[in-house]
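The values are calculated or read from the model by the stated rules, or taken from the named source; none is laboratory data. What you see is a predicted model, and the numbers here were worked out from it, not measured in a lab. Please note: Cβ atoms are built from the backbone with ideal geometry, for glycine as well, and neighbour counts cover all protein chains shown.
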Amino acid sequence: MPDYKVNFKELKARVGVTDVAYALGYRLDRKAGVGRYIELVLGDGRDKRDTLIVSHPNDRASQTFFRRNGSKGDVLTLIRENLDAFLVTGKDEWQKVAKVMARFANMPEPEYHENREYLKSVKAASVFDASRYETRPVNPDKIPSLFSKRGLSDETVRRFALFISLIRDKRNGNFDGYNIGFPYTGADGQVKGYEIRGYGGYKSKAAGTDSSSAAWVADFSGGNPEAVRSVFFCESAFDAMAFHQMNRNQLHPDVALVSLGGTFSDNQITGVMGRFPNAKAFDCFDNDIAGRIYGLRMIGLLEGIPMKISKAEDGLQVEAGGKNFTVNPTKPLASQLVAHLPLRYRTGQWLPPKAFKDWNDCLLNRPVAPVLAPCKEERDRNLAERRKGSLKM
């Protein structure tokens, strides 16, 4: 692989917001018109999850986007918000972003001899600045209704209240209210950013949030991390709260629950587990391929076994310990790996039931809709109707 500098300006000339958005499943809202701006929508009808208003639709290098809640950014911002969707690895968030950009641009993946001037200017704007945000605790007698909309009881919110804030971005001129903030902390306990959720499906992170080594950690040990025997890793704080609400009676009181905020960084996992020296990590990630890859990566990290993971027709291909084998993502991971690798069982799995994508959907009783193939009679009926239609023409 050739060495070359990461020139984000050059990459942005080749890769626009629209390229990444279409790959993520966004589609053009034709009803909104096409001009200096276009609207790209994720989902439709009652399942509409996000809308991006994109400038300069025909000029990749100039494209930026904004949302009606006030959040905005460029193609790098959109990739950072959705890093987990691209299944890339790297030492930090910006290495992963560079890899994603290179893939879209059909260029070799960089070796990270950075274009220092531009990269420094980007990173300068991405350092978390606590003074930008106004925070206040959740009032146990006035709990935001967003929690109940996610199926979370007032009792659960009060139990987690120490690990939740209400947060307002003082620089957001379009929205002056408070969202729900889940503080990301590092090993030193200092707040390094926030996972943010709001009404209307709003999902974001505070500017400059450290997603490479910090995470949202709800430690119920009362300041005694050595007592924690189980650490449950989820992809969002809502998932972690839902998991605890549904399984609390089976859990030891001294547990920790963690949200990676939709990104998976090696340092997040090892950093969190370094806080709990006597604990076992549990994969509570989503029921999809990305979730199973997260689970495999976590096993590899905590067992000290480097793994190379890739998708295969019949499952996930794993290269580790000089061996190459396939893992069925619908079956427990550790029991499959132990046939090939020496595991010390530092990890476990506690996945949502198979009918549900994640623990919050399980709490809401919102199963993944099955895709039903039409029966022969229905296919014949549809074919007959199409033939009738063609005759009328």
Note: among Ala102, Ala61, just one is in contact with a Pro (Cβ under 8 Å, 6 or more places away or on another chain) and either assigned to a loop (DSSP other than H, G, I, E, B) or small (Gly, Ala, Ser) (or both), namely Ala102
Condition set modelled with pLDDT of 85 or more and charged (D, E, K, R), scope the stretch 61-92, selection farthest from Arg197 (Cα to Cα): answer is Asp74
Picking from Ile309, Ile299, the residue that is modelled with pLDDT of 95 or more, outside the structural domain of Ala215 (by TED's automatic domain parsing) and more than 14 Å from the chain's Cα centre (by Cα) would be Ile299
Return yes or no: is Gly271 crowded, with 16+ Cβ neighbours inside 10 Å and in the same structural domain as Gly223 (by TED's automatic domain parsing)?
-> yes
Checked the stretch 197-235 for anything assigned to a loop (DSSP other than H, G, I, E, B), buried (at least 22 other Cβ atoms within 10 Å of the Cβ) and in contact (Cβ under 8 Å) with a residue 60 or more places away in the chain; matches are Ala206, Thr209, Asp210, Ser211, Glu235
By my count, strands (runs of 3 or more DSSP E) wholly in the stretch 259-327 with at least 1 residues that are of a type in the set (Lys, Arg) are 280-283, 308-312, 323-327
(message) Within the stretch 22-35, does at least one residue satisfy the condition of being within 13 Å of Arg60 (Cβ to Cβ) and either touching an Asp or Glu at 6+ places or on another chain (Cβ under 8 Å) or at pLDDT 85 or above (or both)?
(response) yes
Flagged pairs (Cβ under 7 angstrom, 6 or more apart or on separate chains; first in the stretch 80-99, outside the structural domain of Ala206 (by TED's automatic domain parsing); second buried (at least 20 other Cβ atoms within 10 Å of the Cβ) and among the acidic types (Asp, Glu)) are Arg80/Glu93; Leu83/Glu93
